[in-house]
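Participant: Sharing a structure, written as structure tokens. Questions coming.
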Amino acid sequence: LASRDFHPEDTVVKVNGTKIGNGSMVVIAGPCAVESEEQLMEIAVNVKANGANMIRGGAFKPRTSPYSFQGLGEEGLKLLRKAKEITGLSIVTEVMDQENLDMVAEYADVLQIGARNMQNYALLKQAGMSSKPIMLKRGLSATIEEWLMSAEYILSKGNPNVILCERGIRTFEKYTRNTLDLSAVPVVKELSHLPVVIDPSHGTGKWNLVEPMAKAAVAAGADGLMVEVHNQPEEAVSDGGQSLKYDNFKSMMNTVQKIYAVR
Ligand code: PEP
Ligand code: MN
């Protein structure tokens, strides 16, 4: 079902007024984690003013250490809803487990399945029974075929609205947090009809590399970008080092729009 052989036309996923796929250029921006009302509302208003199409932010965070901040849970989802009411931006947020899927889906416009859960088949099957679009991130060491097979789990349960998100893979290179595999864009477009979004924030782990890789992603034909933006990156509870400040986000938006216009 994920294969282009069986479905030659590009899938276009519609999220309220926004279309993702068939060469669109959607920007999903926001903090790594929802931290507080002031934080989220300020960021939401700013990214909206600079042209973002959707707001991101985790209420359930998959942290390497169980002692790190795990997210605000449902309180975070309520703040995302408030940010949507204020800005009109649709919500992309992560669901980490089956128990919380229905609850997260009450608030989210797009359910994100994170890299660590890309092969959580029980969660994928449940996502396949949801009426909400799913953004499926590539696993930390997943091949493109494994990633597409995970999409297949969702599609095969009846949910046709899957967006793929490349967020970097593990390699021997330590300078960057992950190695952003931009060749995944043309490869996925050849093998599949599903839209593909690039996350240069997790893909590099460094804020100063986000704009260059966002430019390259758009030039390579990505259907969108997902980037982390924070009002005070130094104070962020997670991923501050890869989060853009407002002026960086504004600059990135200007450049990628120019590239999109000529691609
Ligand atoms: C995220 O986007 O919030 C996230 C945790 O990313 P990943 O699953 O790609 O690590
Ligand atoms: Mn993050």
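Values quoted throughout were computed directly from the atomic coordinates according to the rules given, and no laboratory measurement underlies them. These numbers were taken from a predicted model, which means no experiment stands behind them. Using ideal geometry, Cβ is built from the backbone for each residue, glycine included, and neighbour counts are taken over all protein chains shown.
Participant: Which residues, taken from segment 148-167, are in contact with a strand residue (DSSP E or B) (Cβ under 6 Å, 6 or more places away or on another chain) and among the charged types (D, E, K, R)?
Facilitator: Result: GLU166, ARG167.
Participant: Can you name the condition, by its number, that ARG81 falls short on among (1) closer than 17 Å to MET226 by Cβ; (2) more than 16 Å from ligand 2 (Cβ to nearest atom)?
Facilitator: (1)
Participant: Looking only at segment 59-78, how many residues end up being within 12 Å of ligand 2 (Cβ to nearest atom) and either under 19 Å from GLY224 (Cα atoms) or of a type in the set (Ser, Thr, Tyr) (or both)?
Facilitator: Selection size over segment 59-78: 2.
Participant: Looking at segment 228-245 only, could you name the residues that are buried (at least 19 other Cβ atoms within 10 Å of the Cβ), more than 12 Å from ligand 1 (Cβ to nearest atom) and not in a loop (DSSP other than H, G, I, E, B)?
Facilitator: Passing the criteria: VAL229, PRO233, LEU244.
Participant: Among the candidates LEU225, LEU209, single out the residue that is without any contact (Cβ under 8 Å) to a residue 60 or more places away in the chain, of a type in the set (A, V, I, L, M) and surrounded by 17 or more Cβ atoms within 10 Å (Cβ to Cβ). Please lay out each step first, then the result.
Facilitator: On the way: LEU225 fails: without any contact (Cβ under 8 Å) to a residue 60 or more places away in the chain.
Exactly one residue qualifies, and that residue is LEU209.
Participant: Just the residues that are among the small types (Gly, Ala, Ser), touching a helix residue (DSSP H, G or I) at 6+ places or on another chain (Cβ under 7 Å) and crowded, with 19+ Cβ neighbours inside 10 Å, please, taken from segment 21-51. Break it down into steps so the answer makes sense when it comes.
Facilitator: Taking segment 21-51 first, the residues among the small types (Gly, Ala, Ser) are 21, 23-24, 29-30, 33, 36, 44, 49, 51.
Then keep just the ones that are touching a helix residue (DSSP H, G or I) at 6+ places or on another chain (Cβ under 7 Å); that gives 29-30, 44, 51.
The answer is ALA29, GLY30, ALA44.
Conditions tested, residue by residue: (1) under 17 Å from MET226 (Cα atoms); (2) within 9 Å of ligand 1 (Cβ to nearest atom).
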site: ALA105; (1), (2): no, no
site: ALA108; (1), (2): yes, no
site: ILE113; (1), (2): yes, yes
site: TYR121; (1), (2): no, no
site: LEU124; (1), (2): no, no
site: GLY128; (1), (2): no, no
site: PRO133; (1), (2): yes, no
site: LYS137; (1), (2): yes, yes
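Participant: Looking at (1) within 16 Å of ligand 2 (Cβ to nearest atom); (2) more than 17 Å from the chain's Cα centre (by Cα); (3) among the polar types (S, T, N, Q), can you tell me which one SER183 breaks?
Facilitator: Of (1) within 16 Å of ligand 2 (Cβ to nearest atom); (2) more than 17 Å from the chain's Cα centre (by Cα); (3) among the polar types (S, T, N, Q), only one is false for SER183: (1).
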